[in-house]
Amino acid sequence: MEGAMSDTVSANAVPTDLHRILDRQRAAFLRLGPPDLKQRRADLRRLKAEVLKRRGEIIHALKVDFGQRSERESAIVELIPLVQSINYMIRHLGRWLKPERRHVTAYFQFGRAWVVRQPVGVVGIIAPWNYPVALALVPLATAVAAGNRVMLKPSELTPATAEVITKVVRAAFPPEQVSVITGDAEVGAAFSALPFDHIFFTGSTAVGKKVAASAARNLTPVTLELGGKSPVVIEPGFAMQRAAERVAFGKLTNAGQTCVAPDYVLLHKDDQDAFVRAYQNAVKKLHPLGFAGSPDYTAILNPHHYERLSRLLRDAEEHGTQVLRLGSDALDSHVLAPVLLLNVTPQMAVMQEEIFGPILPVLTYSHLDEAIAFINVRPRPLALYYFGEKQAEQKKLLKHTVSGNVTINGTLLHYAQDDLPFGGAGESGIGAYHGKEGFIALTHPRGIYKQGRINMSTLLYPPFGKLTDIITNFILR
């Protein structure tokens, strides 16, 4: 496995280096063909073993990259979803690989038809910085389960974690099967321009558009897991403490640096004061030790992102928003304590950009139709959250909105369901993965028809005559 070191490309990578690795992987794919079920399961088990072997190293690297990140939260949000996903694929892969019989019309009854899922070839995976382990290695495991070879590009913003991921991959796979490419945005641009058989990208909508444009030049299919402003709609009179605790959990996990984090709250105008009190209590309950220096709270990744969030707050204050700071910040370690924003208007920057931090705008409505209209005039979100017990209202919201996944009476937890597809709609993403949907996304459905000994279609061979007319008219009846 140590031979993989020569195929791990550094920040000095040039397109010729990348093409060399791609060519080597594609040649191996064509020479050896798809791995069988036994090999794929062994590959997945080996990846899992290497991750667990380096559990402490991974968690330490995450802490180094973020400056302040809860070790327990890292285990919960990075390693548990990864290990659960691998276990799920190992259990179900045999069933996904079975050929699927398809219907043959009466005129071809002596033939047989079926579909097999064929690996696409070499998959390029571009991972983000906010969950740099899970969002790199779950797509990798999915691609391996589907029988593909992989070139993986971790985020350059989390270099310590990228280094550990490189060690995991080197130990688990030969370079002609999986290679890690490290480097800056320039390397990332060259990476996305490669003629992969599929590109899997997780990140911002702005960068996702650039990746899609690069892929289009090679007619490379893409799966884009993007983001957006995921709303929370709270039904009038709902148990506010319960809603607030679950919204706070979703908003403050990873300090809000989560693609499916609740971005803003829509609630009835009569419930705003109750929600504010309940949210303040929920924050204190979740983080009794405070925020700066807390072992349970995560810092904003770097000064650039901290300043971006500070800019959103300044803009909101300048435009008359009531800003409720629920703790003390620490600029030196770029820790941003939770913030509630009241009297927010749609024109403010905080309502134009995905927040990606612990800032929660609260907006009010008089009737559910207003909340639905507010959501629908904006780009389709990656997630939608609804708190309520009235089935008619719930059905109305689901019927008249389009989004990625939905969690009812909770936040984030749809992501942890391995048997649900995960993906966005519109500007929040293209395609889906997790479980079977991930396997489907990274395989090609190859339809096969085997003609039988008796071939009824010969009756329609030329030379044509009256029998041809009779059969044609019968079929077209």
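The values are calculated or read from the model by the stated rules, or taken from the named source; none is laboratory data. Being a predicted model, the structure only gives us computed values, none of them experimental. Note that we place each Cβ from the backbone using ideal geometry, even for glycine, and neighbour counts take in every protein chain shown. Side chains included, ligands, DNA and RNA excluded: accessible areas come from the protein's heavy atoms. Shrake-Rupley method; radii C 1.70, N 1.55, O 1.52, S 1.80 Å.
Helices in the chain, meaning DSSP H runs of at least 4 residues, each add -39500 (n - 2.57). Divided by all residues, the mean residue ellipticity at 222 nm is -12500 deg cm²/dmol. In this label model, Leu37 and Thr468 are separated by 4.7 nm, measuring between points 7 Å along each Cα→Cβ vector.
Note that the range 335-477 presents 51 Å² accessible area per residue, ligands and nucleic acids not counted, probe 1.4 Å. The chymotrypsin sites (Phe, Trp or Tyr not before Pro) of the range 370-403 include none that meets both criteria, a DSSP state outside H, G, I, E and B (loop) and at most 10 other C-beta atoms within 10 angstrom of the site's C-beta. Under a model in which nothing but the beta-carbon of Lys, Arg (+1) and Asp, Glu (-1) is charged, the range 399-454 shows a dipole of about 480 debye around its Cα centre. Over all pairs of different C-alpha atoms, the range 84-132 has a mean inverse distance whose reciprocal, the Kirkwood radius, equals 14.7 Å. Distance from the Cα centroid of the range 383-426 to that of the range 112-145 is 25 Å (rounded to whole angstrom). Each 20 Å bin from 0 upward holds the following percent of the Cα-Cα pairs of the chain: 22, 49, 23, 6, 0.
Compared with the direct C-alpha span, the chain from Gln272 to Ile454 gains 58.1 nm at full extension, assuming 0.36 nm per residue. At full extension, Val377 and Val104 could sit 93.8 nm farther apart than now, given 0.36 nm per residue minus the alpha carbon distance.
Calculate the length of the line joining the C-alpha centroid of the range 173-211 to that of the range 274-349, in whole Å. If you average the Cα positions of each part, the centres end up 33 Å apart.
Excluding ligands, DNA and RNA, the accessible surface per residue across the range 203-250 is 39 Å² with a 1.4 Å probe. Just the protein heavy atoms count here, and of the accessible area of the chain at 1.4 Å, carbon and sulfur take up 56 percent. Rg over Rh for the range 15-71 works out to 1.19, using Cα positions for both radii and the Kirkwood form for Rh. Basic side chains Lys and Arg get +1 at the Cβ, acidic Asp and Glu get -1 at the Cβ, and with that the dipole of the chain about its Cα centre reaches some 2400 debye. Taking 7 Å steps out from each Cα toward its Cβ at His367 and Glu156 produces label points 5.3 nm apart. With contacts taken as Cα pairs under 8 Å at a separation of at least 6 residues, the range 302-366 carries a relative contact order of 31 percent. With the simple model of a label 7 Å out from the Cα in the direction of the Cβ, Asn302 to Gln322 spans 3.8 nm.
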